Each structure stands twice: as C-alpha cells, then as structure tokens.
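Asks: Got a structure for you, written out below as structure tokens; questions coming shortly.
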Amino acid sequence: MKKGISPIVAVVLLIAIAVIAAVGLYFWVGSLTNKPATPSMLNGITVQVIDCGGSTPTLLVTNIGTKTISDLNTTLKTTNNSIKVSNCQPNSINPGDTAKCEITKFSGTIVVYGNNLTPAPITC
C-alpha cells in the first residue's frame, strides 16, 4: 500500500496556495503604486497684526497654501461683517508670499477668512 495524499487533496492544496499567493501579490503591488494625494491645505492664510494703534490697523497676510489667492480686498472677510479688510498691497499673493492690508479699527478677536481659505484668528 502506498502512503501519501490523494491527487484530489494535492490539487486543492495547490489551488489554495496559488490563490493566497495571488492575493498577497495584489496587496503588495497595490501598496507600491502611487495613491492619489489626500487633499491638504490647498488654500490657507496666516494673519499677523503689526499695528493696532491707529485708526486703521495693519495686517500681514501670508499665503501658506498651494494656490494663488487673488483679489484679497474682496476675498478676505471677517466674522464681524462691519470690520472690513482693504488696501491690500499686493492684491494677489502667490504661495509663500505676504501682503500688507488695512482693516477697520476693532478690539477683541475676529477671524479673517475667505472662500476656500482656512480661517485665521486675530486679536487687537
């Protein structure tokens, strides 16, 4: 009498091993390919108050995102609608650049924001 496994069991084992190897290879190759980047901060600003004393406080607005922010005078808003951002020089800023803007006199903390911009709180 011969000892060993039957041919049917051998075929089932070979198919199982091949399927496990194929699934492992699929996940291994999938981890090596470039996945779409998760959206990070496409547009963001930091705002620093450099003068709170006068009738028109001065802000430094820095673009910390990856897209140009254009028309700052109309893009930037505040949480208190009566406080306006104006006279931004330059009026558009590329990533990493800074603009100087004026803002209506206020006291306390407000948040400067805009469409698709990460809000930035400021205190005067």
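Asks: Collect the residues in the range 49-63 that are in contact (Cβ under 8 Å) with a residue 40 or more places away in the chain and either under 14 Å from D97 (Cβ atoms) or crowded, with 18+ Cβ neighbours inside 10 Å (or both), keeping them in residue-number order.
Replies: P57, L59, L60, V61
Asks: Within the range 95-122, which residues are over 20 Å from the mean Cα position of the chain (by Cα) and of a type in the set (A, V, I, L, M, F, W, C)?
Replies: A99, C101, I103, F106, I110, I122
Asks: Please find, within the range 87-107, the residue that is surrounded by the fewest Cβ atoms within 10 Å (Cβ to Cβ) out of those that are without any contact (Cβ under 8 Å) to a residue 24 or more places away in the chain and out of contact with any strand residue (DSSP E or B) (no Cβ under 7 Å at 6 or more places or on another chain).
Replies: Filtering the range 87-107 for residues that are without any contact (Cβ under 8 Å) to a residue 24 or more places away in the chain and out of contact with any strand residue (DSSP E or B) (no Cβ under 7 Å at 6 or more places or on another chain), the one surrounded by the fewest Cβ atoms within 10 Å (Cβ to Cβ) comes out as S107.
Asks: May I ask you to verify whether I122 is in a loop (DSSP other than H, G, I, E, B) and hydrophobic (A, V, I, L, M, F, W, C)? Outline the logic, then answer.
Replies: Numbers: in a loop (DSSP other than H, G, I, E, B): no; hydrophobic (A, V, I, L, M, F, W, C): yes.
Considered against the rule, which asks whether it is in a loop (DSSP other than H, G, I, E, B) and hydrophobic (A, V, I, L, M, F, W, C), I122 comes out as no.
Asks: Separate question: From the residues in the range 1-40 that are part of a loop (DSSP other than H, G, I, E, B) and of a type in the set (A, V, I, L, M), which one is modelled with the highest pLDDT?
Replies: Among them, the one singled out is I5.
Asks: Quick check on K67: is it at pLDDT 80 or above, over 23 Å from S107 (Cβ atoms) and not polar (S, T, N, Q)? Write out each step before concluding.
Replies: Numbers: at pLDDT 80 or above: yes; over 23 Å from S107 (Cβ atoms): yes; not polar (S, T, N, Q): yes.
When the stated conditions are applied, K67 passes them.
Asks: Let me ask you something else. Return yes when V111 is in a strand (DSSP E or B), surrounded by 14 or more Cβ atoms within 10 Å (Cβ to Cβ), aliphatic (A, V, I, L, M) and touching a residue at least 12 places away in the same chain (Cβ under 8 Å) and no when it is not.
Replies: no
Asks: Does the range 75-87 hold any residues that are in a strand (DSSP E or B) and either of a type in the set (A, V, I, L, M) or over 24 Å from the mean Cα position of the chain (by Cα) (or both), and which are they?
Replies: Result: V85, S86, N87.
The values are calculated or read from the model by the stated rules, or taken from the named source; none is laboratory data. From a predicted model like this one, the values you see are computed outputs, not experimental measurements. Because the Cβ atoms are built from the backbone with ideal geometry, glycine has one as well, and the counts that use them run over all protein chains shown.
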